[in-house]
Amino acid sequence: MEDIQEFSEVKFQGIKINYLYICKRKLWLFSKNITFENASEKVLLGKILHKYSYPKENTKEVLIDNLIMIDILSDGSIREVKYSSKMKEADIMQVMYYLYYLKQKGIQKQGIINYPKEKRKEVLKLTPEYEEKVEQALKEIEEVTAKSTPPSATKQKICKSCAYFEFCWG
């Protein structure tokens, strides 16, 4: 990490990496504790999916350093459970951040994203290219969240199902 501050100074919740790839305005609002997730039907459906998927797994919702929440932890892998693969790049980068974070602590794992509704999964490995992308994402999160005003709203396909829809467009 050449140009980035020490890793210990740029730790973020994994959801911020996810939001960076979905919508920078959502990232900024979330980082300022402006949240609408509790009233979102999609978020509720995701929580229900998390709760009832993979009931035989013992190590679910593992909180590391009071910062990142890994859905399922097993010997060789970490797993994220996602409602849909519509935001695949954001999902992948969130898992890559978790793998990167764990690597900084001396822990090597592979990542898996489960899409139970679609009955599919993505198996991921942290490569040097992904490490670089994670480092770039960390810099970008710092830049976006340091601004005094939110980025402008930009209309996207996902806006209508976003918890922030009324805030941005209502």
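Accessible-area rank, largest first, for ASP65, ASP91, ASP75: ASP75, ASP65, ASP91, with all protein chains present and a 1.4 angstrom probe.
Of the trypsin sites (Lys or Arg not before Pro) found in region 96-170, the ones in coil according to DSSP and having at most 13 other Cβ atoms within 10 Å of their Cβ are LYS105, LYS119, LYS125, LYS147, LYS155. Of the trypsin sites (Lys or Arg not before Pro) found in region 58-96, the ones in coil according to DSSP and having at most 16 other Cβ atoms within 10 Å of their Cβ are LYS86.
The values are calculated or read from the model by the stated rules, or taken from the named source; none is laboratory data. Given the structure is predicted, the values throughout are model-derived calculations rather than measurements. Cβ coordinates were reconstructed from backbone atoms using ideal geometry, including for glycine residues, and neighbour counts include every protein chain displayed. Just so you know, the surface numbers come from the protein's heavy atoms only, side chains and all, with ligands and any DNA or RNA stripped out. Shrake-Rupley method; radii C 1.70, N 1.55, O 1.52, S 1.80 Å.
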